[in-house]
Amino acid sequence: MSKIIKWILRSAIWKLTSILAFPIRLLFRKRDVIIIQTHSPFRYGGNPKYLFEYLSQHTQYNVYWVTESEEIKNYLKSNNFKYISSSSLINKIYITWSAKVVIDSGSAFYNYFNLLPSDAIKICTMHGSGPKLTAQKKEKLKDTLKYIKEIHKFNYFSFCTKHAAKMVGREQFLLHSNKTALLGAPKSDQFFNHDFVAGRKKSRPLLNELIPQLDKGTKVIYYVPTFRPYDYPFPLRKLEGFDLEDLISFLEQNNLIFLYSFHSIGKLSLLPSKCDRFRFFSFEKTPLIDNNQLLLEVDLLIGDYSTISTDFAILKRPQLFVMPDYNEMDETKGFAEDYRQLIPGPDVTKYSEFKRLIKYFIEEPNKYTDEYGAKVEKLLNLYMNPNLHNSCERFKQFIHRFMK
């Protein structure tokens, strides 16, 4: 009963605040405010980050990032970017009142104390693009429908291809075509700049930051196990014949670093830290490191169900997939379409094969494109569109019509 009373009081306060603020909003609010955030006020990355910086540098609009991280604030201030934070509450309320456009990549958008103007345009950039994206399936139908209803509070969703808009937008999120736009993925624009890609691969600034005294000849494997909606051990341990001590020897013999990170709400366990060949990093401790920037520097990606595989496919570098719980994931959350048929790399189940393929593709990366080039192109054509590499500019033009 107390929860119900608290909810009623909170709703009443929000409503009253909104009513009282209405005349102030009309008289004093800015007319060109865009607010952008990602899923956590302590993260700075994904599609929103790249779009935020582009709009800040290539428009005259007042573009604000939402953050509570001192490290992120310092970065934004050093680059003359605007932000809002609870550390300046009056300004946060004022900017929220003034918002014309709000942008997020997740299933909910920024709306501090429900103060957004009712006519603010809400745009979802999506986290990524791939056949893994689905609406969350709940045990009770009403909970699933509630989730979809929340998603529909956005006015527009960006997709990279018509196929993605159909398979994910229409079939999973039940979106009408009027709510979808083919604007692409701002975080992937950089992957189509070949000179930039080559330069980052050579200089490896983020890897040198994460791994001090990194040898130039050392190859780096990046492992990105994604979030499971159920408890699960470290997936590599489920490989048939897995031997941790042998893996350590294998990494040392082949001068390899095994870098890995988890989804921010994942519950996987860590590998032992006694070996320098294993390097774990968390985005909570390094909020300014963005996954897509890191992808530019690594030699091989090991994944499972993350859409990061679609981004990495643009680079045409080797990928392996470790999916021992495929059936459980399919039953629990499902896929937009047959996931195994679209992954751009081998589905590894045995530890011996795992080692063999890493060594094979690290030493002869061209063999990867020879064997999986067709699947890479198929995935990109279905979910990325290699011809759409000016996403930030497309977003800018799309937003411009609402700012007039």
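In Å, what Rg and Dmax follow from the Cα atoms of segment 83-231?
For segment 83-231, the Cα-based Rg and Dmax read 19.8, 56 Å.
When only alpha-carbon atoms are used, what values of Rg and Dmax, in angstrom, describe segment 275-404?
Over segment 275-404's Cα set, Rg and Dmax evaluate to 17.4, 60 Å.
Within 10 Å, count the other beta carbons around each residue, average over each peptide in 75-81, 330-336, and list them highest first.
330-336, 75-81
What list do you get for M384, M403, M126 if you sort them by fewest beta carbons within 10 Å?
Arranged by neighbour count, lowest to highest, M384, M403, M126 become M403, M126, M384.
Can you give me the angle between helix 46-58 and the longest principal axis of the chain, using Cα atoms only, in degrees from 0 to 90, rounded to the nearest 10?
Taking Cα atoms only, the helix is inclined about 60 degrees.
Beyond a 29 Å Cα-Cα separation, which of these cross-linked pairs lie in this structure: K285/K396; K77/K219; K132/K187; K49/K202; K100/K316; K122/K201?
Those over the limit are K285/K396; K77/K219; K100/K316; K122/K201.
Return the loop-located GluC sites (Glu not before Pro) in segment 136-243 (DSSP other than H, G, I, E, B) with at most 10 other Cβ atoms within 10 Å of their own Cβ; answer none if there are none.
Those satisfying the criteria are E139.
Of P318, N193, L51, whose Cα points farthest to the positive end of the dipole of the chain (charges on the beta-carbon: +1 Lys, Arg; -1 Asp, Glu; origin at the Cα centre)?
L51
If each residue of separation counts as 0.36 nm, what is the full-extension length gain between K201 and E240 once their alpha-carbon separation is subtracted?
Taking K201 through E240 to full extension adds about 10.7 nm, to one decimal.
Mind ranking 173-181, 42-50 by how tightly packed they are, going by the mean number of other C-beta atoms within 10 angstrom, highest first?
42-50, 173-181
Got a sec? Charge dipole of the chain, +1 on Cβ for Lys and Arg, -1 for Asp and Glu; which of G106, V376, F227 is way out at the positive end?
It is G106, whose Cα lies furthest towards the positive end.
Applying 1/(1 + (r/R0)^6) with R0 = 56 Å to the Cβ-Cβ distance of K359 and F402, what FRET efficiency is obtained, to the nearest 0.05?
The calculated FRET efficiency here is 0.60.
So what's the gap between the Cα centers of segment 42-111 and segment 185-231, to the nearest angstrom?
A separation of 25 Å, based on Cα centres.
Working from the pairwise distances between different alpha carbons, so that the mean of 1/r is found and then inverted, what is segment 50-130's Kirkwood radius in Å?
Computed over Cα pairs of segment 50-130, the Kirkwood hydrodynamic radius comes out at 13.6 Å.
Taking segment 189-383, how much of its Cα-Cα pair set, in percent, is spaced more than 21 angstrom apart?
51
Note down the magnitude of the dipole of the chain about its Cα centre, charges +1 on Lys and Arg C-beta and -1 on Asp and Glu C-beta and zero elsewhere, to the nearest 20 debye.
For this selection, approximately 1980 debye.
Mean shadow of the chain, computed from the convex hull of its alpha carbons, in nm²?
21.4
Values in this text are rule-based calculations from the coordinates and carry no lab data. This structure is a prediction, so every number in the text was calculated from the model and none was measured. Here the Cβ is made from the backbone with ideal geometry for all residues, glycine too, and neighbour counts use every protein chain on show.
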